[in-house]
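See structure below.
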Amino acid sequence: MIAKNSIENLKTTLDVVDVISQFLQLKKSGANFKACCPFHGEDTPSFVVSPQKQIYHCFGCGVGGDSIKFIMEYEKTTYPEAIEKLAGMYNFNLEYENTNYKKQDISVVEKLNGYYLKLLPSNKIASQYLQDRGVWESSIEKFNIGYAPKSPETIAFLKQNMLNLSDAKEFGLIDHGENGLYARQIERITFPIYTANGSICGFGGRTITGHNAKYINSPQTKIFNKSRLLYGYNLASQNIFKKNQIIVTEGYLDVIMLHQAGFDNAVATLGTALTQEHLPLLKRGDPKVVVAYDGDKAGLNAAYKASLLLSRENYEGGVVIFEDGCDPADMVKDGHVEELNRIFSNPKPFVPFVIDTIASSHDLLNPLDKQKALQEINEYLNSLNNLIQDEYKQYVSIKLDINAKHIRTATNNHQRSQHVELSTVDIAELNIIKTALESSRAYDLILNTLDIMMFDFHANEFNLLLNDPQNSVLIGISLKDEIKIYNEDELKSQLNAFLVRFYTRQLQYVKLDVTMEFKKKAISIRQIQENIQILRKGGLLPFNL
């Protein structure tokens, strides 16, 4: 966690006019400065910046705050991210209170990336590959594409430049084998991967020597978690907010080529399916999400799982599938930009995509198989809200060629009882958060037991517990008398209830997953059922899924 006195020292070095003028064109107006507000459309400037009070305020839409607040709103970042961005802008060294939250020195990653960048032009095979794929020089510069040489050359560079080898190993750049140190990226085109606020955290690498592993990513480290990162997000974020759309693809080259063609709101997952952990990043600015995957088996499975996840979380958007071995990068290279624009403007909504996928996995000419399809679709629809269920009853009726009366979605009574239950959960979540704020012992127990994905209503507040315990939102929770503090027994009981509810929900998701291999599904179901059994007997176990 960033030290409070360090934040205060940073604030004293900031000038709100200087900060905001790096993003907006400010004009002097008396003692203040004015601009058209970036947070709502206007022709007459009503956005005022006060150098005397060190604040800004818009008299049109009401937004206002200090330099940190402006960065949070303009860049759609969290409080810690905004502080770190400002510290980077003004070359200010932040201090951290807890070693567990200490900001990592990533200079070894940055310098190795610089080394890779310098090597690319001199490697004819790598350069020719990028040229053949249609990648422009400007894109190579924009995305900092480089080339990793043979392992001994990388190790020699690190040693000659007296870079910390322990850090290099910790950050997944090198490892130790039977013959000593070796580089992880060997004879590969390198694609540096950045966090949402622009800090380099790892690499993806594409072989040019015919290695069996065509692409490899950095391993999981303290600074690299592929389940929470989206390639290209640091470059795409502002365009995502402007266009109110984010295009999620499967590969680095898809992102690079789409940006070349003007689709600069494109990002990619890192060799993994879209997960619950990606949702906070996708939620920034509430854009419509377009999942754009290949039409092979892996791509269809990933699109189905993403649609299940996003539809249940009420995300707007849909799915685009590229058939016949084609992908976005190929289409850009071949000049089909207008067709891509049409495709991305008309994705298939998530709910019908899920329904169609379930239906296509069954023989609908077989009455028993049709019944199984209907059962799976009913279970899926019942995980959505009432309005969505009603909207798609007719769609299912036509798809399965059955009478709509057979589509048994949740009744109003069920929804009412569910609403009461969720309201109780809502309060319980706040109680748990307040309890964590009041006791370090409770804080440790809660963070070791629960995961952010278990919070239906207050995931953001739970995230603040991890990253910014002094946030004003948490202070407000701690001051509310109607939110209680659990004693030890009450806390354990509530944690138990959270885990039971979460695993029960996960059990339903796994049962619904028609793409999961049978053996893997059976193992997952058994593991979840065992966890639920332990919990129902009053036990408490750490989150493990």
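The numbers here are math on the coordinates, done by the rules we state, and not lab data. No experiment lies behind these values; they were computed from the predicted model shown. Methodologically, a virtual Cβ is constructed for each residue, glycine included, from the backbone with ideal geometry; neighbour enumeration extends over all protein chains shown.
Peptides 261-271, 386-396, 166-176 ordered by packing proxy, namely the average of other Cβ atoms within 10 Å per residue, highest first: 261-271, 166-176, 386-396. Which of rounded, prolate or oblate describes the stretch 165-214 when judged by the alpha-carbon gyration tensor and an a/c cut-off of 1.5? Cα axes put the stretch 165-214 in the oblate bin. For the stretch 160-166, 3J(HN,Hα) computed residue by residue from phi via the Karplus equation (6.51, -1.76, 1.60; θ = phi - 60°) reads 4, 9, 6, 7, 5, 5, 5 Hz, glycine and proline entered as x. Skipping prolines and chain starts, which residues have an amide H placed within reach, meaning under 5 Å, of the one on D327, given they are 5 or more residues away or on another chain? Here nothing satisfies the definition. Counting only aspartates and glutamates at least 8 places from K85 when in the same chain, those with an alpha carbon closer than 20 Å to its own are E8, D15, D18, D66, E73, E75, E95, E97, D105, E110, D468.
Here the Karplus relation 6.51 cos²θ - 1.76 cosθ + 1.60, evaluated at θ = phi - 60°, turns the backbone of the stretch 114-127 into coupling constants of x, 5, 4, 4, 5, 7, 4, x, 7, 9, 5, 5, 5, 5 Hz, with x for every Gly and Pro. Projecting label points 7 angstrom from Cα along Cα→Cβ for I523 and D43 puts them 6.5 nm apart.
For the stretch 310-327, the Karplus equation 6.51 cos²θ - 1.76 cosθ + 1.60, evaluated at θ = phi - 60°, returns couplings of 5, 5, 5, 9, 6, 7, 7, x, x, 10, 10, 10, 9, 8, 6, x, 8, 9 Hz by residue, with Gly and Pro reported as x.
With contacts taken as Cα pairs under 8 Å and at least 6 residues apart, the chain reaches a relative contact order of 7 percent. Residues Y293, Y252 in ascending order of nearby Cβ atoms (within 10 Å, fewest first): Y252, Y293. Close amide H pairs (under 5 Å, H built 1.01 Å from N) link I193 with C201, G202, F203, G204, residues at least 5 positions away or on another chain.
In this simple spin-label model, placing a label point 7 Å from the Cα along the Cα-to-Cβ direction at both I125 and V473 gives a separation of 4.9 nm.
Positive contributions from Lys and Arg (+1) and negative ones from Asp and Glu (-1), summed over other residues with Cβ under 12 Å from the Cβ of F59, come out at 0.
Express in nm, to one decimal, how much length is gained between Q54 and Q276 on full extension, taking 0.36 nm for each residue of separation and deducting their alpha carbon distance.
That works out to 76.1 nm of additional length.
Extension gain, N225 to I402: 0.36 nm times the residue separation minus the Cα-Cα distance gives 59.2 nm. Structural descriptor for the stretch 211-355: relative contact order 23 percent, calculated from alpha carbon pairs under 8 angstrom and at least 6 residues apart. In the stretch 362-410, Cα pairs under 8 Å separated by at least six residues give a relative contact order of 33 percent.
Pairs with C-alpha atoms separated by more than 27 Å, drawn from the list K4/K28; K76/K169; K69/K434; K27/K53; K297/K521; K150/K226, are K4/K28; K76/K169. Classify the stretch 228-354 as rounded, prolate or oblate from the Cα gyration tensor: take a ≥ b ≥ c as the square roots of its eigenvalues, call it rounded if a/c is under 1.5, otherwise prolate when a/b beats b/c and oblate if not. Since a/c stays below 1.5, the shape of the stretch 228-354 is classed as rounded. The H on the amide N of I55, modeled in the peptide plane, is under 5 Å from the matching H of S50, each at least 5 residues off or on a different chain. Compactness of the stretch 107-224 was expressed as the Cα radius of gyration divided by 2.2 N^0.38 Å, which yields 1.01. Decide, for the chain, between rounded, prolate and oblate: order the square roots of the alpha carbon gyration tensor eigenvalues as a ≥ b ≥ c, take rounded if a/c falls under 1.5, and otherwise choose prolate if a/b is larger than b/c, else oblate. In terms of gyration-tensor shape, rounded. Applying 0.36 nm per residue to the separation of Y96 and S383 and subtracting their alpha-carbon distance, the gain on full extension is 99.1 nm.
The ranking of S127, S138, S307, S218 from fewest to most other beta carbons within 10 Å of each one's beta carbon is S138, S127, S218, S307.
Note on W136/N244: beta-carbon distance plugged into 1/(1 + (r/R0)^6) with R0 of 35 Å gives a FRET efficiency of 0.85.
Remark: I125, I106, I193 ranked as I125, I106, I193, counting other beta-carbon atoms within 10 Å and listing the fewest first. Here r is the Cβ-Cβ distance between N463 and D324 and R0 is 45 Å; the resulting FRET efficiency, rounded to 0.05, is 0.60. Tell me, what is the FRET efficiency for N5 and S440 to the nearest 0.05, using R0 = 25 angstrom and their Cβ-Cβ distance as r? Calculated transfer efficiency: 0.75.
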